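The structure under discussion appears below in the form of structure tokens.
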Amino acid sequence: MEKTVAFQKNARNIFFHILTRCNLRCKHCYVNPKEHGKETLQARTIQWWLKELAHSRKKTNLIFIGGEPTLHPKLPSLIRAARKAGYSSITVDTNGFFFNQILEKVSPNELDYFSVGLDGSCKEVNDRIRGKGSYDKCVSGIETALKKGFKTSLIYTVSRWNINDLKNMPNLLKTMGIDRLFIQVVGIRGRSAQGSGDNLQLTRKQWGSRVPRIAARAAQMGIHVIYPKVFLNRAEPFECAGLVAENYFIFPNGRVYQCPVCEDFPLHSFAFKKGKLIEQPPINEKDLFQLSIPEGCVMNKLIQPGNLDYDKHGKPKYKIACCLLKEELKP
Ligand code: SF4
Ligand code: SF4
């Protein structure tokens with residue numbers, strides 16, 4: 001059954017980039033070391049910030065992310081520290097190389113999910129985007145994780161390079177025994193904003209004619225699917241998560257954003273200074289969240305307008321939803 005997941009008013013999501021370093025060079029990578037720093041945060045600092053961001057009353061989900069978070073040698077102890085600090089769920093978003101013997105050093109009951117990025121059902125599609133050899137390495141990593149009893153989901157970032165292959169993913173997941181699929185839409189930031197950015201973006205037709213149908217088929221096969229709404233009809237209500245939800249995207253240089261689309265700019269609404277989370281003075285992303293435009297998301301119009309379309313009167317034919325608004329299909 002399909003439903004749009006309303007922004008959860010009482011849930012908080014913390015996306016903690018503990019480093020920006022990665023062994024891969026994916027073509028759509030959104031990490032931008034110039035804006036996000038190049039350092040690997042010390043475990044002590046991460047633990048301190050985790051305590052600052054924990055909440056005693058609100059359910060808080062933590063996602064360790066990078067770069068490649070398993071390159072951080074202290075990730076196992078950080079997972080334990082997060083559990084102790086009261087985080088309700090802990091996920092590690094990884095490219096599936098599983099460095100530092102992470103699969104040996106944590107147990108399945110210490111972690112809610114490994115979410116693994118794979119952008120094709122075969123080497124030809126995936127490796128063109130994520131690099132030679134990455135498909136084999138990632139699939140073998142997932143198989144090992146599943147054998148060891150870790151809950152494992154898959155993240156597929158859809159762009160013009162791999163939209164035709166999305167239809168093959170439900171079968172691959174079924175064969176591998178993965179029961180949760182996140183479909184993401186490519187964002188024009190980080191590496192994809194440098195150079196051929198617009199060539200990756202999907203039109204409303206490309207997205208609408210394939211993604212919901214393939215997601216529905218996957219759900220019928222027993223897979224839990226989550227994908228972004230992306231396009232809204234003119235009559236559908238628009239909400240900016242920055243105003244109605246609590247999401248924090250933390251980077252090694254101490255910047256804390258509430259909107260991932262703002263991450264290429266020094267527009268963060270908070271920053272860690274001497275271990276404390278400090279509000280940033282205007283102008284920052286919070287000032288943009290307040291703006292109301294007929295195209296929907298203001299940041300989308302500013303930095304990735306290639307997905308907009310107008311009628312002959314100059315009115316937008318549809319709106320772009322907040323990138324954090326998701327559709328969910330449960331089997
Ligand atoms: S998208 Fe993820 S796996 Fe790919 S280069 Fe960027 S951080 Fe690494
Ligand atoms: S993506 Fe757009 S709508 Fe969503 S939080 Fe950012 S600015 Fe707001």
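Data for the structure
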{"quantity": "Mean residue ellipticity (222 nm) of the chain, computed from DSSP H runs ≥ 4 via -39,500 (n - 2.57), nearest 500", "calculated": "-7500 deg cm²/dmol"}
{"quantity": "Modelled FRET efficiency - R0 45 Å, Ala235 with Arg25, Cβ distances, 0.05 increments", "calculated": "0.60"}
{"quantity": "Inter-centroid distance (Cα atoms) of segment 241-278 relative to segment 111-155, Å", "calculated": "29 Å"}
{"quantity": "For the chain, average projected area of the Cα convex hull in nm²", "calculated": "16.2 nm²"}
{"quantity": "Of the trypsin sites (Lys or Arg not before Pro) in segment 25-118, those whose Cβ has at most 13 other Cβ within 10 Å and which sit in DSSP loop", "calculated": "Arg25, Lys38, Arg57, Lys58"}
{"quantity": "Percent antiparallel among DSSP beta bridges (both partners in the chain, rounded to 5)", "calculated": "40 percent"}
{"quantity": "Under-5 Å amide H pairs with Lys326, H placed in peptide plane, nonlocal only", "calculated": "Val5, Lys229"}
{"quantity": "Gyration tensor verdict on segment 177-331 (Cα atoms; rounded if a/c is under 1.5, prolate if a/b is larger than b/c, oblate otherwise)", "calculated": "oblate"}
{"quantity": "Rel. contact order, % - alpha carbon contacts under 8 angstrom, at least six apart, the chain", "calculated": "22 percent"}
{"quantity": "Rough spin-label spacing in nm, given labels placed 7 Å along Cα→Cβ, for Glu39 and Glu124", "calculated": "4.6 nm"}
{"quantity": "Cβ-Cβ FRET estimate between Leu302 and Glu104, R0 fixed at 30 Å, reported to 0.05", "calculated": "0.10"}
{"quantity": "Average Cα contact separation per residue, segment 223-331, under 8 Å, 6 or more apart, as relative contact order %", "calculated": "38 percent"}
{"quantity": "Pairwise FRET efficiency - Met221 versus Tyr310, Cβ, R0 = 35 Å, nearest 0.05", "calculated": "0.35"}
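Read the figures in this text as sums done on the coordinates, not as results from a lab. As the structure is a computational prediction, the values presented were derived from the model and not from experiment. Quick reminder, even Gly has a Cβ in these numbers, built from the backbone with ideal geometry, and neighbours come from all protein chains shown.
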